[in-house]
Amino acid sequence: MILNAEIISKKYMRKSGEANFFYAVRETSLALTAGSITGVIGRSGSGKSTLLNMMAGLLSPSAGKVTLDGTDLYALSDKELSVLRNQNIGVIPQGQTGLDSLTALDNIKLPYALYHNDRQIDDRADELLHAVGIAHLADAYPSELSGGELRRLAIARALIMQPGIILADEPTGDLDDENTATVLGLLRKAADDGAAVLLVTHDADARQYADVLYRMDAGVLAEA
Amino acid sequence: MNIRKLPVKNLERKPVRTAMLIILTALLSLAVFGGTLVERSLRSGLTSLETRLGADIIVVPASAKSQYDLESILLEGVPGHFYMKKDYLDKVGKIEGIEKISAQYYLATVTSGCCSMPLQLIGFDPQTDFTVKPWIRQNYSGELGEFEIVIGGNINSAVGKTLKFYNQSCTVVGTLARTGTELDNAVFATAQTIKALIKSSEALGLNGQTREDPEQIISTIQIKVQEGYDIDDVMNDINIHITRVQAVRTRSMISGVADSLAGTAYIIRVLIAAVWVLALVILFAAFAAMVNERKREFAVLRVIGTSRSRLARIILAESALVSLLGGVFGILLGTAVVFPFSNLIESKLGLPFLLPGTGDILLLAALTLAVSVLVGAAAASYAAVKLSRVDTGLILREGN
Ligand SMILES: Nc1ncnc2c1ncn2[C@@H]1O[C@H](COP(=O)(O)OP(=O)(O)O)[C@@H](O)[C@H]1O
Ligand SMILES: [Mg+2]
């Protein structure tokens, strides 16, 4: 699967200013290809999350388009785009994203449960819980998990549908070395299994896991 | 894990938030249900009172006017008795402008051993009566025989049973629909029966006020004024030309009731409206705050591929559950307040209070439920639509 951002921009109004705006992402193109991890590093505020969200179909670009195997994401209806994201794009958003009312296990199974109504996913969910090392917390609620455990939960949830595209927004932020290694190892494995992975991070250590590395600076992407 | 269970889980896992929303909707439905019920009960109480007062003018002995609270006896049936000579019926009947005229006979029973319970006995003359019979006819089609009685809706007896007054057994042949007034505690019989009972009471020495021959006395005269005559003129004529009696307009007796009823109904309507507006504003604010607080949670659902309409359905399902529960709660609360205390409401407000029938109450409950679910849904949709206008990417960012 190929996820392609074609000359996309995102324009925001400046909070204080009258009629003055700025580009969080400026005329940027990026292609994610199957089997490899594309790393994007850059300072906080450089536009990394904005780029990732646009590529996930979660934030409409001010200009340019995003295509998945040739399909323009923002030309789809909300329903079509939702199904497409559910099946093909595993997103690991920045920060804590567990649903408070569900156990860790149910959180992981949720993407599958959205469009299916059976227990076929139990084995894979169990497998993923073990892979990310929180099997003993299957019945715990997000409020009972640590930051690292929550992040691993989000990764397992992003992997449950075996998506062709994985978009990870600072998946290792505020994790210790051991957790960082586990998380990056999981993404590496997903890429080796054929996924196209985008790894956004402000952490230069992550570069050793990336096959291609870009640097984002003031909304402009350049090869690092 | 079934996605359909998500709304329920969301509610269960946040009991405080859920309880607050339920209490809010309960308040709304309590106001709608309880308020409407009280208003309607008062209204039908007045209507039944009006139809009960088939007479335009009631003539009583002048002594009764000072001795008793006339309104109480005529309207509320507070046990009492007073008599005047039968001749007055003819005298009054000669006044111009009278269409119908009929005498009634009052007898109050006492608590002592002679009688089943203290009640107001009202006798009417089957030949001339025009106020009691039409009412009785709604519940009893036959003619009343001697020692046969028809009882008010509050009296705890049934057709076929007997009640004992002054050692005379009387058979219940009919029960009357409730009016919400003290007339529900009265017993109706023919003049013949009442006269016989008056004799019995005198024989027992229990009714010493009169030494008159029961055949020669009456208690009140009911008058219907002819079309084209002014009721006040006829009343004044009687009061001027016939001494030792007092003519009273029935309307003047109930106009006080009607006025205070209109006032009370108005206050209740204003209260309902106020609670409504308040609850609506609070409910909309609460749902908006709820959605706002859970923006990130909803954004995560979008991230994993939940469509806008699916998300809206989840939010709506939660609100429907909440407002259904709240609605049922409010109705139960309203029931618990209005029904057991309807007598208290009646005596505190001093107004006739007649609860609607079960069917109407169920209908009102169903409407109340529908209203609270609709309002909850509207509030939730409003919040959900506002949320769906914003790109998920922007919401995700806000949380950090
Ligand atoms: N909704 C928004 N409104 C205005 N400015 C925004 C908005 N979202 C992001 N920005 C700005 O765009 C720039 C890029 O943000 P972001 O993509 O989150 O950066 P990064 O992920 O690299 O830290 C920042 O300067 C940020 O303040
Ligand atoms: Mg970011």
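The values are calculated or read from the model by the stated rules, or taken from the named source; none is laboratory data. Worth saying up front: this structure is predicted, and the values here are computed from it rather than measured. Note that we place each Cβ from the backbone using ideal geometry, even for glycine, and neighbour counts take in every protein chain shown. The area values use the complete protein model at the heavy-atom level, side chains included, leaving out ligands, DNA and RNA. Shrake-Rupley method; radii C 1.70, N 1.55, O 1.52, S 1.80 Å.
The table below lists the values:
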| quantity | calculated |
| --- | --- |
| Other protein chain Cβ atoms within 10 Å, averaged over every residue that makes up A:90-102 | 6 |
| Spatially proximal lysines relative to residue A:79 (Cα-Cα < 28 Å; intrachain offsets below 8 disregarded) | A:10, A:11, A:48, A:65, A:109, B:5, B:9, B:295, B:386 |
| Mean Cα-pair separation over length for chain B, i.e. relative contact order, pairs under 8 Å, 6 or more apart, % | 29 percent |
| For residue A:103, solvent-accessible area (1.4 Å; no DNA, RNA or ligand), Å² | 20 Å² |
| Sequence ranges A:21-28, B:185-192, A:88-95, ranked by mean other-Cβ count within 10 angstrom, highest first | A:88-95, B:185-192, A:21-28 |
| Shielding by partners - mean other protein chain Cβ count within 10 Å, residues of B:6-19 | 2 |
| Alpha-carbon spread of chain B, three principal axes, descending order, Å | 98, 45, 33 |
| Average partner coverage of B:225-233, which counts Cβ from other chains inside 10 Å | 0 |
| Most to least packed among B:212-218, B:194-200, B:141-147, B:299-305 [average Cβ atoms within 10 Å] | B:299-305, B:194-200, B:212-218, B:141-147 |
| Solvent-accessible area per residue for the protein assembly as shown (1.4 angstrom probe, square angstrom) | 44 Å² |
| Of all accessible heavy-atom area on the protein assembly as shown, the percent that carbon and sulfur account for (1.4 Å) | 54 percent |
| Structure-based [θ]222 nm, the protein assembly as shown - -39500 (n - 2.57) summed over DSSP H runs of at least 4, per residue, nearest 500 | -15000 deg cm²/dmol |
| Summed buried accessible area for B+A [probe radius 1.4 Å, Å², rounded to 100] | 2700 Å² |
| Packing-based ranking, highest mean first, of B:383-390, A:195-202, B:280-287, A:51-58 given that Cβ atoms within 10 Å are counted | A:51-58, A:195-202, B:280-287, B:383-390 |
| Degrees between helix B:191-203 axis and first principal axis of chain B (Cα, 0 to 90, nearest 10) | 70 degrees |
| Relative contact order for region B:286-373, counting Cα pairs under 8 Å that sit 6 or more residues apart, in percent | 37 percent |
